[in-house]
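Report on the following structure.
A short reminder: the numbers here are calculations on the coordinates, not readings from a lab. Just so we're clear, the structure is a prediction, and the values are computed from it rather than from any experiment. So basically every Cβ, Gly included, is an ideal-geometry build from the backbone, and we count neighbours across all protein chains shown.
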Amino acid sequence: MRFNVLPIAICLIATTSCKKNNELQSPIQYPDKATLKAAAIIYTAANGVPVFGSGYGSAIAAVPNEPDAFYLMTDRGPNVDGSLKDSKLFPLPNFNPHIGKFKLVGDSLVYLSSVEFKNAAGAKITGKPNPVGQGSTGEIALDFNGNTLTNDADGIDCEGLAVAPDGSFWVSDEYGPHIVHFDKDGKTIERINPFGSGTGGRKIPEVFKRRRANRGMEGLTISPDGKTLIGMMQSPMYNPTKAKVENSKLLRILTFDIATGATKQYAYITDNIRTLSSEIVAITATTFLVLERDQDYAGGQPAALTKKVYKIDITNATDISDATNSAGGLLFGGKTLEELSDAELVTNNIKTVPKELITDLLTLAGGYPHDKAEGLVIINNNLIAISNDDDFGINSPAVPNNTLVAKNLPSTGKLDRNIIYFVKLNKGLK
């Protein structure tokens, strides 16, 4: 079945029949997976490769009081690597990052509406990089004719999504990093970052200025009582420099009291230096699910892949906040936390966040062919759902010249598409 859609509106069609078992503890019959069935072409490169109006997969969240509905969020929009150092090509520079709302109807997730992100003045924002001192990644943004694009102080590369009890949205990004509060209609209420340049002027600790470019706050969740935000960095920060943290596996988790702005930090250790964090979701005020992955495809190289969901508990982990709010955070013998080895963390009595494996996506029936598992949502005590980022169906070309490469999956040879996997757990989360 196909649906007539607007340029970015899509429908998701389940590829398998719905499970019919009562142990899911839900009146909704969830499918094993739901796949992007059709999406409009929103741009075509000179070599004929299309850009699709998909890109829903950077985050997924439950719609409050609607167990058959989901919010799915895009990232900053279609982009590929340019031939110039640190350049990015944007075929649609004015792409408006947004949230799509989808409803599960039988075997289908049907597009309902969009929440378009806007600045405090109500103007639509873009995914173009921020100016220097306001979250700049050092990227040179170009259109497909090679023209330099102006930076956008309100630009956002949105990755983490949390829905507040009042229905408003909290979004984190890979630029600043920024944490942005949007109202129900997508208008900015507040923008929080380490620079104090956002709406409202509140800040997160100075050390977060040292995030690796485009590896900012990939995950964001909100505590069940709606009072605390919990954000997670995607990769070890360049703290103090890239060269000194090349072997680091330490990611920072930040808690932010919404009412007071008070913060705490905790250290999470990834499986290896190739893996990063894509999402964090609250189970309770102190326990969370974390999506940890590498950036490789099944069927590609290297053969050893990581696409796992862990349960973590910050209750007894060490708060690694720096009371002086210095540029590098706490130091130990002159070293930053990111410089410390596993043994040095123990020597300095730093208790990292313990983690327990919940599921390995590579063991799913039919396999997991994607590179970017990015969205994670808890449906009930025994069921979670995971979304992937399909990058609008494109990859970077070897020689950029108004051309693109289709993002085909090595294990199937087929175009990558947004898929939501519904994963039943062998053990309850609580």
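Averaging Cα coordinates gives a centre for the stretch 234-307 and one for the stretch 394-418; these two points are 27 Å apart.
Run the numbers on the stretch 75-174 and let me know its relative contact order in percent, using alpha-carbon pairs under 8 Å that are six or more apart.
Details: 193 pairs, mean separation 25.0, N = 100.
Computed over the stretch 75-174, the figure is 25 percent.
The H on the amide N of ILE358, modeled in the peptide plane, is under 5 Å from the matching H of VAL309, TYR310, LYS311, each at least 5 residues off or on a different chain. For the chain, build the charge dipole from Cβ charges (+1 Lys, Arg; -1 Asp, Glu) around the Cα centre, then report which of ILE350, LEU112, ASN147 sits farthest towards its positive end. Going by the charge dipole, the pick is LEU112. Couplings 3J(HN,Hα) for the stretch 111-128, derived from phi with the Karplus relation 6.51 cos²θ - 1.76 cosθ + 1.60 (θ = phi - 60°), are 4, 10, 6, 10, 10, 8, 6, 10, 7, 5, 8, x, 8, 4, 9, 10, x, 5 Hz, where x marks Gly and Pro.
If the chain linking ILE273 and GLN295 were pulled fully straight, counting 0.36 nm for each residue of separation and taking away their Cα-Cα distance, it would gain 6.8 nm. Taking a point 7 Å out from the Cα of ALA120 in the direction of its Cβ, the residues of the stretch 180-213 whose backbone N falls within less than 18 Å of it are 180-204. Rounded to the nearest 500, the 222 nm mean residue ellipticity of the chain from helices alone is -500 deg cm²/dmol, with -39,500 (n - 2.57) taken per DSSP H run of at least 4 residues.
As a footprinting exposure proxy, order LYS37, LYS242 by other Cβ within 10 Å, with the fewest listed first.
Working: LYS37 18, LYS242 12.
Neighbour counts put them in this order, fewest first: LYS242, LYS37.
Each semi-axis of the equivalent ellipsoid for the chain is √(5λ) with λ an eigenvalue of the Cα gyration tensor; in descending order they amount to 30, 27, 22 Å.
Phi angles across the stretch 70-79 convert, under the Karplus curve 6.51 cos²θ - 1.76 cosθ + 1.60 with θ = phi - 60°, into 3J(HN,Hα) values of 9, 9, 10, 10, 7, 9, 6, x, x, 6 Hz, Gly and Pro given as x. The ranking of VAL309, VAL49 by Cβ neighbour count inside 10 Å, starting from the fewest, reads VAL49, VAL309. Between the amide H of GLY127 and those of PHE95, ILE156, distances stay under 5 Å, these residues lying 5 or more places away or on another chain, with hydrogens modeled in the peptide plane.
For the pair LYS242 and LEU362, label points projected 7 Å from Cα toward Cβ lie 2.8 nm apart.
Considering only ALA38, ALA121, ALA62, the mean-square fluctuation computed in a Gaussian network model of the chain, springs between alpha carbons under 10 angstrom, is largest for ALA121.
Pairs of alpha-carbon atoms within less than 8 angstrom and 6+ residues apart define the contacts here; what relative contact order does the chain have, in percent?
Across the chain, relative contact order equals 15 percent.
Relative to the current alpha-carbon distance between GLU344 and LYS184, full extension at 0.36 nm per residue lengthens the span by 53.0 nm. Once backbone amide H atoms are built at 1.01 Å from N, LYS37 has CYS11, LEU12, ILE13 as its partners under 5 Å, excluding neighbours fewer than 5 places away on the same chain. Mean projection of the Cα convex hull over all viewing directions, computed for the stretch 202-285: 5.6 nm².
Shown is the FRET efficiency for LEU415 and THR315, computed with R0 = 51 Å from the Cβ-Cβ distance and rounded to the nearest 0.05: 0.70. Comparing GLU374, GLU356, GLU174 in a Gaussian network model of the chain (Cα springs below 10 Å), the most mobile by mean-square fluctuation is GLU356.
Given a Förster radius of 22 Å and the C-beta distance between ASP166 and ILE28 as r, what FRET efficiency does 1/(1 + (r/R0)^6) yield to the nearest 0.05? Write down the numbers at each step before the final one.
Numbers: r = 24 Å, r/R0 = 1.10.
Rounded to the nearest 0.05, the efficiency is 0.35.
Per-residue Cβ neighbour counts within 10 Å put PHE332, PHE256 in the sequence PHE332, PHE256, beginning with the fewest.
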